[in-house]
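The values are calculated or read from the model by the stated rules, or taken from the named source; none is laboratory data. Bear in mind the structure is a predicted one, so any value in this text is a computation, not a measurement. Glycine also receives a Cβ, built like all others from the backbone with ideal geometry; neighbour counts cover every protein chain displayed. Heads up: the accessible areas ignore ligands, DNA and RNA and are worked out on the full protein's heavy atoms, side chains in. Shrake-Rupley method; radii C 1.70, N 1.55, O 1.52, S 1.80 Å.
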Amino acid sequence: MKISFTLNGKPVSCDLPSNRRVVDVLREDLGLMGTKEACGTGECGACTILVDGIPRLSCLMLAAQLEGRDVTTIEGLSKSGETLHPIQQAFVEAGAVQCGFCTPGMVLATTHLLSENPRPTREEIREALSGNICRCTGYQKIVDAVELAAEKLTEKGETA
Amino acid sequence: MKRDALPNQPRPLQIGEPIPRADAPAKVAGREHYAVDYYAEDMLWAGVKRADIPHAVFRGINSEEAEKVPGVLAILTAKDIKGSNRQGVARKDQPVLVDDRIRHRGDGVALVIAETREALREAIGKITVEAEPLPGVFDMEEALKEDAPWIHEDHPGSNILLKGHITKGDGATAFETCTHVVKATFELPYQEHAYLETEAGWAITEEDETVSITVSTQTPFRDKMEVAGALGLPMDKVRIIAPYCGGAFGGKDGITVQSLLALAALRFSGRPIKMWWEREESFIASAKRHQARCRYRLGADATGRFIALEAEILYDTGAYDHLGGAVMALGLEHAGGPYRIPHTDLKAWAVYTNNPVGGAFRAFGVAQATAAMEQMVDRIAEKVGRSPLEIRRLNAVRRGDTTPIGVTLTTSTGIGRCLEIAERHPFWRKRESWKAKAGPFRKRGVGVAAVMHGMGYGPVIPDTANAKIELTSEGSFRVACGVVDMGQGNAHTFLQMAGDILSQDLSRLELVLPDTAWTLPSGSASASRTTYTYGNALIDAANLLKERILKRCADLWMVTDPKELALVPGRVRHLPSGRETTLAEVAAFMDETERTTVAHYRAPQSPQLPDLEPNLRLHGIPHVVFSYGVHIAGIEVDLLTGAVTVEHYLAVNDCGNILNPQLFEQQVQGGIAQGLGYALMEEIPVTEGEMKTVNFSTYLLPTFLDVPDMEVIDAGGNEPTGPYGLKGIGEIPTSGPLPAVANALFDACGIRLERFPMTPERVLSALEGNRP
Ligand code: FES
Ligand code: FES
C-alpha cells in the first residue's frame, strides 16, 4: 500500500504493507534509529513519536495510520540542523540522560506537554509524563529538565 | 568568582565540577547507535526456541514444519556446536543450546535463522520439543533435601551451588548473654532488571574468519573468552564491540545473545545477523535478582549495644550459577551490615532449582541481606527504646573495627559521619510534626536504613584495568576505554579525568568505547569498580603522556626545565615567555607509538581471613574498600487501600570524593528508584518454574508518580586509594529503600511484613490482622 505523509518536515511516500508497525517503518525502512522500542506493547513510551503534534506510541500504530499525517521523530525536533532543540539542550544540562534509551520518547512527550502548558508545575510534569518509563534516572532530573526547558522556551519567547 | 578569565579560551575540564555528560547530546538527539540500532541490507535475523518445560531429559526437537516456513534458512541445535557448549563465569554450567537436560523454562533448545523477523517468529512457533519430563524442584528448602532430584548431575551430592559459613567470637552461644533478642524471617522477591534495551546485538564472520559481535554487554573481554570456549573458536577469532548499553544493571554481566549470534554468523559467513529479544523473552530467559529467604536473630545488651547476630540466607540461583555463587558470597560478607558485632554466626547458600536464573543485579546479594538486617536493627531499637539513628550510631563501625565477618576495616569508613548528618537533618528532627499532618484515613511514618557495599572482585580474582590514551595527529586526545558504559556515565568521567590532567576541554577529547580489537582489557562494568579501577589506570596513562609531550616540546624549544611548560586547551605554552604551539604541531614531532601511552592498575586486595574456605575467597570474600550510606524514607499509608506512597527521601552517602556531582546524583537517585520498586511493587510470582509476570503491564515498574524528589547528600568522604579520592557509588543506593520503607511502615502503622514487596494487598491484610 502506498502511504504518503510528512516526516520531520519533508514529504515522504513509501510502499508498505498496511499492517507494518510504525516503529518498524521508522527504524528499519527509513533508518531513523532514534525511535526506540522497549516493550512493543504500549507500556513504556520509549517509542513515542509526534503525530500532528500529539504523542503516539509507534509500537501500537500501523503504517496505514500515517497517511496524510505530520510525523515528528526525535531526529526532526531541532530545526537548525546540528544544534539541539532547547528541550534537548535542557535534558543535557539538567543531567536527565543516563543510558538514554528512554530519552527520545521523554523529549517528545515533553514537547507536547510544553506546547499545551508552557509553565507546568512539578506535579503536572510528573502526571503528563507518567506513561514514559525510565529505569535509570529515578525521574527527578527529567522533571528538572522539563522545568529548565520551560524556562528556556519562555525566555526565548518560543513555544515547544 | 569569575569562572572564565579569558572569555575566548575554552575552559579545561575540572574534577569536581557538575559538567553535563559528554554522551548526552548524541543520545538526546537520537543519534547514538546502541547495539540494537544496527541494520544492514542483507541482514538475517536469528532467534531462539525456548523449552518452556522446567525440568526434563532433552531428546531433541521437531522442526519439520518450521523448516517449511518461507524465509527460514537454518535451524541449529546443540549438535551444531563444536566447543564445550557451556558458559558461566565461576562454574560453566549453562549451555548455549540444551544438549542433555532442560533445567528451566527459558532454556534455549534451537537457534533459528531467517530472512525476516516475521519468518523467524513463525518458525519458532512451529518447533516442538521432545523431552521426558523430570520432577521439578521449585523451592529452596525442597532443593536442599537429601532425596531432591539433582539439577546438575556433574555437581554431585546436592543442589547447593555454593555455601558459606563464617563465625566470629563465640558465635551463636553469645545470645545467652543478651538482654534483648529479636528474631524474624524475610521473603524477598525476584527483581527484573527491566533495562529498556532488551538483549540485542549483531554479528558477522569476516573474511579472515573473525567473528565480530556488536552487543549490549557489560563484559566484552570476558564475553570473548566465553564465546571462544563455548563454540570452540580460537580466542583471536572472536571480537566483541560494546556500544553504550540501553541499561544493564548487572543483567548484561555475562552472556546473553553473544554465543548464539556467533553460532549463526559462523553458519552464514559474510552476512550480518541480528538478534533482539522481545520483552517477554527477556523476562523468560534473562537472569534476575535472586529471590531469597533470610532468617535473622539479633541480640543486644540492655543499652542496645549489639552482642550477637545469627543469619541464614538462602538465595535461589535457579537453573544455573550465573554469578549466583558470587552474589551469595557478597551477601554473606554484608549480612551484618556496617556494625560492630562481637559474636556472629552467618550462613548462606546459593541453591539450584528449576526456577528462573538468579544472577547479578545492582547491589548483588547485598540488597537482600540489607533488607533483613536493617529491619532487625529497627526491631532492637524499638525493644531498647532508642531512636533508629541513635542505635545505629551506637553500633556503627569505625576504621580499625572489624566487620561482622571479622575483617578489620583499613580504608575510609564514613558511616558514622553519614549518621551524624542524617541526625542533624531538619526532616529527621521535625519528623514528628510532619507525621502528625497525615490526612484522614492516612498515617505517616519515617524509616531509616544504613547501607554498606564492598567494591571490586575480592581477594583472588585480579581486579585490573588497562588504560590507553593517544595524542592524535590533529592534536586532540583519544581515550581508549576497555570498560563498558551501560548508562552510568563512567565514559564521561574518564574524559573529565583526562581533561583535568591534560588541561583540555571536551572538544579536544574523544572516547573510544570498548572493542576487544582496539581497547585494552579492563574487566567488567560491575561491582562498583568501574570508575575506581579504570580511573586509576587512566590517571597514570594521562600523566605519562603529559610528561612525554612536555619533554618533547622542551627539547624542541631548547628549554632545560620541562616544568616551564604547561598544557592549555589545544596547545603547549612556555610559561616564562608566553610562547605557544599547537598540540598538532607537537604531535608531528612524535612517532605514533610515542603518542600513545598505556598504564595498568590493580586494585588493592585484602590479605585478611587467609584461612577462609578457598572457594569463598575465590567468590570474593573479603573486600578492602567499602562505601557507606544512610537512607531516610518518609511515607504515607492509605489505611483504606493499603497503598504506600513515598513522600520524602533522603540519602547521605560516603562514596569518597565526588568527581562530578551531577553524575553522583544520577547514580544515587536511579539506585533509589530501583530500590523503591523492589520495596513496593516489583515481583515475579513463579509457579512450577513459570513466571506470571512477563511484560510491563503485569510487572510494575516505578513511574514518575511513584518516585518522589530525593535529597542526595555527600558526606564529604575521601578514599586515599581511589582516583581523586573516589569510591564506588553504582550499587549501594539500591539496598537502602526496601528496609527504610519497611521501617517507615512500622513507624506509621505498627505492622511488619514477612513477604515483600509491600504491595497494597499485603499492607492491607497486615493492617486488618492488626486491628483489635
Ligand atoms: S515500545 Fe512502544 S510503548 Fe514500549
Ligand atoms: S536513561 Fe536509561 S531508561 Fe531513562
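Structural remarks
- Scanning segment B:192-204 for residues being part of a strand (DSSP E or B) and either open to solvent by 10 Å² or more (accessible area, probe 1.4 Å) or within 16 Å of ligand 2 (Cβ to nearest atom) (or both) gives a total of 3.
- When segment B:156-168 is filtered for residues that are open to solvent by 60 Å² or more (accessible area, probe 1.4 Å) and assigned to a loop (DSSP other than H, G, I, E, B), only B:P156 remains.
- Considering segment B:1-115, the qualifying strands (runs of 3 or more DSSP E), each wholly inside and each with 1 or more residues that are within 14 Å of chain A (Cβ to nearest Cβ), run over B:44-50.
Each row is one residue, and each column tells you yes or no for (1) of a type in the set (A, V, I, L, M, F, W, C); (2) open to solvent by 20 Å² or more (accessible area, probe 1.4 Å).
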site	(1), (2)
B:I61	yes, yes
B:G71	no, yes
B:I127	yes, no
B:I151	yes, no
B:D154	no, yes
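- Residues that are touching a residue at least 60 places away in the same chain (Cβ under 8 Å), open to solvent by 30 Å² or more (accessible area, probe 1.4 Å) and part of a helix (DSSP H, G or I), drawn from segment B:173-182: B:T173, B:T177
- Just one of the listed residues (B:E17, B:E32, B:E64) is more than 23 Å from B:A200 (Cβ to Cβ), of a type in the set (D, E) and within 34 Å of the chain's Cα centre (by Cα), and it is B:E17.
- Number of residues in segment B:671-694 that are outside any loop (DSSP other than H, G, I, E, B) and more than 13 Å from chain A (Cβ to nearest Cβ) equals 6.
- Test: residue in segment A:43-51 that is open to solvent by less than 20 Å² (accessible area, probe 1.4 Å), over 13 Å from the mean Cα position of the chain (by Cα) and outside the structural domain of A:T111 (by TED's automatic domain parsing): no
- As a summary of the residue check, A:V12 satisfies the conditions (1) within 16 Å of ligand 1 (Cβ to nearest atom); (2) among the hydrophobic types (A, V, I, L, M, F, W, C); (3) open to solvent by 20 Å² or more (accessible area, probe 1.4 Å) except for the one numbered (1).
- Scanning segment B:470-480 for residues that are in contact with a Ser or Thr (Cβ under 6 Å, 6 or more places away or on another chain) and either on the phi < 0 side of the Ramachandran plot or open to solvent by 10 Å² or more (accessible area, probe 1.4 Å) (or both) gives B:E470, B:R478, B:A480.
- Of the strands (runs of 3 or more DSSP E) entirely within segment A:47-122, those holding at least 3 residues that are under 22 Å from B:L196 (Cα atoms) and either out of contact with any helix residue (DSSP H, G or I) (no Cβ under 7 Å at 6 or more places or on another chain) or within 16 Å of ligand 1 (Cβ to nearest atom) (or both) occupy A:48-51, A:54-57.
- Any hit, segment B:269-291, residues being out of contact with any Phe, Trp or Tyr (no Cβ under 6 Å at 6 or more places or on another chain) and within 16 Å of ligand 2 (Cβ to nearest atom): yes
- Residue, most open to solvent (accessible area, probe 1.4 Å), within segment B:728-772, restricted to residues that are over 30 Å from B:G489 (Cα atoms), in a helix (DSSP H, G or I) and touching a Pro at 6+ places or on another chain (Cβ under 9 Å): B:D747
- Matching residues, segment A:28-68, being more than 16 Å from ligand 2 (Cβ to nearest atom) and under 24 Å from A:E158 (Cα atoms): A:I49, A:L50, A:V51, A:D52, A:G53, A:I54, A:P55, A:R56
- Pairing each residue of segment B:149-162 that is more than 13 Å from B:A319 (Cβ to Cβ) and not assigned by TED's automatic domain parsing to the domain that holds B:F58 with any residue that is of a type in the set (A, V, I, L, M, F, W, C) and part of a loop (DSSP other than H, G, I, E, B), provided the two are 6+ apart or on different chains, yields C-beta distances under 9 Å for B:P156/B:W150; B:G157/B:W150; B:S158/B:A148; B:S158/B:W150; B:L162/B:A90.
- Among the residues of segment B:681-698, those that are open to solvent by less than 20 Å² (accessible area, probe 1.4 Å) and closer than 22 Å to B:P739 by Cβ comprise B:E682, B:I684.
- Residue within segment A:11-29 that is over 30 Å from B:L700 (Cα atoms) and either assigned by TED's automatic domain parsing to the domain that holds A:L108 or under 17 Å from the mean Cα position of the chain (by Cα) (or both) present: no
- Residues in segment A:129-144 that are away from ligand 1 (no atom under 16 Å from the Cβ) and among the aliphatic types (A, V, I, L, M) were compared, and the one that is nearest to A:C59 (Cα to Cα) is A:I142.
- Those residues of segment A:30-57 which are touching a Lys or Arg at 6+ places or on another chain (Cβ under 9 Å) and within 10 Å of another protein chain (Cβ to nearest Cβ), in sequence order: A:M33, A:G34, A:T35, A:K36, A:E37, A:A38, A:C39, A:G40, A:T41, A:E43, A:C44, A:A46
So that you can scan it fast, the table gives a plain yes or no per residue for (1) facing chain B (nearest Cβ under 9 Å); (2) more than 23 Å from B:Y34 (Cα to Cα); (3) within 16 Å of ligand 2 (Cβ to nearest atom):
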{"residue": "A:T83", "(1), (2), (3)": "no, no, no"}
{"residue": "A:F101", "(1), (2), (3)": "yes, no, yes"}
{"residue": "A:A109", "(1), (2), (3)": "no, no, yes"}
{"residue": "A:Y139", "(1), (2), (3)": "yes, no, yes"}
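- Note on segment B:701-718: among residues that are among the hydrophobic types (A, V, I, L, M, F, W, C) and facing another protein chain (nearest Cβ under 10 Å), the one that is most open to solvent (accessible area, probe 1.4 Å) is B:L705.
- Residues in segment B:647-658 that are crowded, with 22+ Cβ neighbours inside 10 Å and of a type in the set (D, E, K, R): B:D654 alone.
- Qualifying position, being among the hydrophobic types (A, V, I, L, M, F, W, C), crowded, with 24+ Cβ neighbours inside 10 Å and within 14 Å of chain A (Cβ to nearest Cβ), among B:A248, B:A230: B:A248
- If you filter segment B:232-256 down to residues that are in a loop (DSSP other than H, G, I, E, B) and touching a Pro at 6+ places or on another chain (Cβ under 9 Å), you find that the one that is nearest to ligand 2 (Cβ to nearest atom) is B:P243.
- A:G138 being open to solvent by less than 20 Å² (accessible area, probe 1.4 Å) and on the phi > 0 side of the Ramachandran plot: yes
- Of the listed requirements (1) open to solvent by 10 Å² or more (accessible area, probe 1.4 Å); (2) within 13 Å of another protein chain (Cβ to nearest Cβ), B:V644 misses just one: (2).
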